[in-house]
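Chemist: Right, I'll just put the structure down here and ask away after.
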Amino acid sequence: MSSSHDERICLPDSLVDTLNEHDSSPDDFDEADPSFAIEHQAKTCEDLTDDHRKALFAEVAALQVDLLFGQQRSHWQTRFCPILESIAEDGSRRCCPDITQIDDSAVEYLERRASESKHPVLRARYADFLWDITKVATGNRPSIDLARQAIDSYVECGTRFPNSDQTSERLCRALELALSVRDDIRSSQVIDTMLGILDRTEFPGSQVLWLFDTLTEQRGVSLSPDQEKKLVDTLEAELARICSSENAVGIVAKDPAVCLARHYKRAGKPDEAKRVIRTYGTALASFAMKADGLLAMAWLQDAYATYVQFGMKDEAESLQLAAKDKGKDAEDQMVRHSFSVEIPADEIERVLDDLTAGDLESTLSRISINFCPRINELQEQLDDLKKNAKLLSMVSQSTLDNQQVTARVGSVDDDPEGRLMLQMGQNLQFMAGILAHAIDRMRSKYDFSAESMRLFLSQSILFDEARMPLFEHGINAYLADDQITAIHVLVPQIENSLRRLLPVLEIPTNKHRRSDTGVMVEKSLNNILESEAAVTQFFGEDFVLYLRMFLCDPRGQNVRNKLAHGLMQPEQFHRGISDRLLHIMWSLAFEKESNVTMEVGDWTQKTTE
């Protein structure tokens, strides 16, 4: 490879020898392996010339770039992308390797390498790399012979190394190239090689999935009846093998079942589509019955979603019943974790004295303000979680309630609102004791009674005078420690108070039924808090997120909806819920008629005046 032409760049002989070892190997290897070897060896080489270094960079660039999945493209609009990429403080992009450093001499060097190399892995990579990046790097159009060489070499890789981890990527790229240059002969050769893998591989079931997706979903691919039958028969065999296994591997039967179902639906055979989905679902349900509760619920939920996807309502409902039964086991398996935080008594006393100083109304104001969660504080906590517990911040979390999964929250980055609600719920639990102490101190210092609360609430435009007996009844129940009655009475009255805000904002309180525009129904709490932007503008995002989390979002405590649908267990009617209902009620009570024209975002500030 040391050229006799002085103007040609080349590697020193010692590095050429290392490349030749890979080139003459009878085995498969990763495209990057030879470049890693010569990079390491080059560190000990003395007297490397500029031409040597340029050739070394060309090797590294060609062999270490990654092929993007599917039809994705890099910021260079190439199919190959750098292995490392970052944005500098000045906004410039830094890439490793950077193909823009490839010049005509590097292209000429790699063309020689593509021509001289014997191993199909190297021939394919050099040719494919040049076909992909030459126009971007140098402005010159690459020869179509490079695309043809890449295709032929990828096909040889698939034939020689059918069990390689990279076989699917290489042959998919070969098919992509053949279709892009409209080479029908080579397209057929690639397809034949793909299907031939099923005969040569030790594990046809693991190969048939990507083959089926590629050959049936790729535009421009046309299979003969025999080729299609071969794929379908292999998928059917794989589905049968998994579902008849004694090991609990039923979950992996989903992929061949779904592939087959899509095929049968396209072929106009809906009964066959349902058959394969039912085969998967039945096997998975059988495995789930022998599994622990949490694992079984996850499996059954997956099968349920698949049944729903294919319109199999009866089968889906049967799994709902099974999942409910397993939900009981899952709840018993849940491990309770708790921690204690010791706060000095004198510190607690100071806080309580500060909160309850002055008179009853100023105390209610301070409690309203200090116990309302703030989004910016929650976000700081989540930022700390990302910094100090990175893995925990990335893990999604599910809520298990009433023997079923009632909510899912994603990672901090993917589901910011969900994680805010989750963090808020944890904070409310932590603050519950302090809120209870603050209310108790207030009761001991002031006339806290149903009558005094009636006078206080009546000053607000959000509380209907005609409903005051209900508020009094709920507060009297709270004072008598009858939390069941207090919660049942106060929750719907708070919802009504929020609904009373809508006319103030010139928004109707009702909406028509979906099925009949001539019939009206009152808007639900979810409608008010989630769909009315003016309400969020009026109260601010902090308070609205708090209301949603506590009252009507399954990712939070969801008190209103669980109460309305009879889902709260007896032990859930506790003082912590009642204290928060009082806190919300007091916060709303500071909305006076004289403030309805206030500027957006001033609601929280108003309660301090």
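Chemist: Within the range 496-503, is even one residue free of Cβ contacts under 8 Å to residues at least 12 places away in the same chain and surrounded by 14 or more Cβ atoms within 10 Å (Cβ to Cβ)?
Modeler: no
Chemist: Would a scan of the range 78-85 turn up a residue that is in a loop (DSSP other than H, G, I, E, B), out of contact with any helix residue (DSSP H, G or I) (no Cβ under 7 Å at 6 or more places or on another chain) and closer than 30 Å to Thr214 by Cβ?
Modeler: Yes, there is a match, as at least one residue in the range 78-85 is in a loop (DSSP other than H, G, I, E, B), out of contact with any helix residue (DSSP H, G or I) (no Cβ under 7 Å at 6 or more places or on another chain) and closer than 30 Å to Thr214 by Cβ.
Chemist: If we scan the range 263-273, do we find a residue that is within 30 Å of Gly327 (Cα to Cα) and among the acidic types (Asp, Glu)?
Modeler: no
Chemist: Please report, ordered by residue number, the helices (runs of 4 or more DSSP H) entirely within the range 101-203 with at least 1 residues that are more than 24 Å from Leu231 (Cβ to Cβ) and touching a Lys or Arg at 6+ places or on another chain (Cβ under 9 Å).
Modeler: 104-116, 120-138, 144-160
Chemist: Which of the residues spanning the range 364-407 are touching a residue at least 60 places away in the same chain (Cβ under 8 Å), open to solvent by less than 30 Å² (accessible area, probe 1.4 Å) and more than 18 Å from Phe430 (Cβ to Cβ)?
Modeler: Listed by number, the residues that qualify are Leu364, Ser365, Ser368, Asn402, Ala407.
Chemist: Give the residue, chosen from Phe36, Phe57, that is modelled with pLDDT of 90 or more, of a type outside the set (S, T, N, Q), open to solvent by 20 Å² or more (accessible area, probe 1.4 Å) and more than 25 Å from Leu171 (Cβ to Cβ).
Modeler: Matching residue, one of Phe36, Phe57: Phe57.
Chemist: Can you tell me which residue among Val544, Val559, Val535 is open to solvent by less than 30 Å² (accessible area, probe 1.4 Å) and in contact with a Ser or Thr (Cβ under 6 Å, 6 or more places away or on another chain)?
Modeler: Only one candidate qualifies: Val544.
Chemist: While we're on this one: Here are Asp213, Asp128, Asp226, Asp165: which of them is of a type outside the set (Gly, Ala, Ser) and at pLDDT 95 or above?
Modeler: Just one listed residue meets the conditions, Asp128.
Chemist: Here is a follow-up. Test each condition in (1) within 28 Å of the chain's Cα centre (by Cα); (2) within 30 Å of Leu563 (Cα to Cα); (3) of a type in the set (S, T, N, Q); (4) part of a helix (DSSP H, G or I) for Ser393 and report the one that comes out false.
Modeler: Among (1) within 28 Å of the chain's Cα centre (by Cα); (2) within 30 Å of Leu563 (Cα to Cα); (3) of a type in the set (S, T, N, Q); (4) part of a helix (DSSP H, G or I), Ser393 violates only (2).
Chemist: Filter the range 80-97 for residues that are under 25 Å from the mean Cα position of the chain (by Cα) and farther than 17 Å from Ala62 by Cα; which is least open to solvent (accessible area, probe 1.4 Å)?
Modeler: So, considering only residues that are under 25 Å from the mean Cα position of the chain (by Cα) and farther than 17 Å from Ala62 by Cα, the one least open to solvent (accessible area, probe 1.4 Å) is Ser86.
Chemist: Looking at (1) of a type in the set (Gly, Ala, Ser); (2) over 20 Å from the mean Cα position of the chain (by Cα); (3) open to solvent by 40 Å² or more (accessible area, probe 1.4 Å), which is the only condition Gly425 fails?
Modeler: Gly425 satisfies every listed condition except (3).
Chemist: Right, here's the next one. Do we have any residue at all in the range 436-443 that's crowded, with 18+ Cβ neighbours inside 10 Å, more than 22 Å from Arg560 (Cα to Cα), among the small types (Gly, Ala, Ser) and at pLDDT 90 or above?
Modeler: Yes, because at least one residue in the range 436-443 is crowded, with 18+ Cβ neighbours inside 10 Å, more than 22 Å from Arg560 (Cα to Cα), among the small types (Gly, Ala, Ser) and at pLDDT 90 or above.
Chemist: Quick one: is Val16 assigned to a helix (DSSP H, G or I), touching a residue at least 24 places away in the same chain (Cβ under 8 Å) and closer than 30 Å to Arg160 by Cα?
Modeler: It is false that Val16 is assigned to a helix (DSSP H, G or I), touching a residue at least 24 places away in the same chain (Cβ under 8 Å) and closer than 30 Å to Arg160 by Cα.
Chemist: Then there's this: Tally the residues that are part of a helix (DSSP H, G or I) and surrounded by fewer than 20 Cβ atoms within 10 Å (Cβ to Cβ), restricting the search to the range 461-492.
Modeler: 15
Chemist: Further question on the same structure: If Tyr307 satisfies all but one of (1) under 29 Å from Thr406 (Cα atoms); (2) out of contact with any Cys (no Cβ under 6 Å at 6 or more places or on another chain); (3) modelled with pLDDT under 90, what's the number of the condition it fails?
Modeler: Failed condition: (3).
Chemist: Considering the range 493-519 alone, what residues qualify as being hydrophobic (A, V, I, L, M, F, W, C) and in a helix (DSSP H, G or I)?
Modeler: Ile494, Leu498, Leu501, Leu502, Val504 - these are the residues of the range 493-519 that are hydrophobic (A, V, I, L, M, F, W, C) and in a helix (DSSP H, G or I).
Chemist: In addition: With (1) of a type in the set (Lys, Arg); (2) part of a helix (DSSP H, G or I); (3) out of contact with any Gly (no Cβ under 7 Å at 6 or more places or on another chain) as the list, and Arg219 as the residue in question, which single condition is left unmet?
Modeler: (2)
Chemist: Name the residue that is least open to solvent (accessible area, probe 1.4 Å), counting only residues in the range 410-422 that are assigned to a helix (DSSP H, G or I) and hydrophobic (A, V, I, L, M, F, W, C).
Modeler: Out of the qualifying residues, it is Met421.
Chemist: Let me ask you something else. Which one of the conditions (1) in contact with an Asp or Glu (Cβ under 7 Å, 6 or more places away or on another chain); (2) open to solvent by 50 Å² or more (accessible area, probe 1.4 Å) does Pro256 fail to meet, given that it meets all the rest?
Modeler: With (1) in contact with an Asp or Glu (Cβ under 7 Å, 6 or more places away or on another chain); (2) open to solvent by 50 Å² or more (accessible area, probe 1.4 Å) applied to Pro256, the lone miss is (2).
Chemist: In the range 518-528, what residues are within 20 Å of Arg555 (Cβ to Cβ) and either surrounded by fewer than 20 Cβ atoms within 10 Å (Cβ to Cβ) or not hydrophobic (A, V, I, L, M, F, W, C) (or both)?
Modeler: Within the range 518-528, Ser524, Asn526, Asn527 qualify.
Chemist: Same structure again: If you take the residues of the range 237-268 that are of a type outside the set (A, V, I, L, M) and under 26 Å from the mean Cα position of the chain (by Cα), which of them is farthest from Ala296 (Cα to Cα)?
Modeler: Arg262
The values are calculated or read from the model by the stated rules, or taken from the named source; none is laboratory data. Note that the structure is predicted; figures quoted are calculated from it, not measured. Every residue, glycine as well, gets a Cβ built from its backbone with ideal geometry; the counts of neighbours run over all protein chains shown. Calculation scope for accessible area: heavy atoms of the full protein, side chains included, ligands and nucleic acids excluded. Shrake-Rupley method; radii C 1.70, N 1.55, O 1.52, S 1.80 Å.
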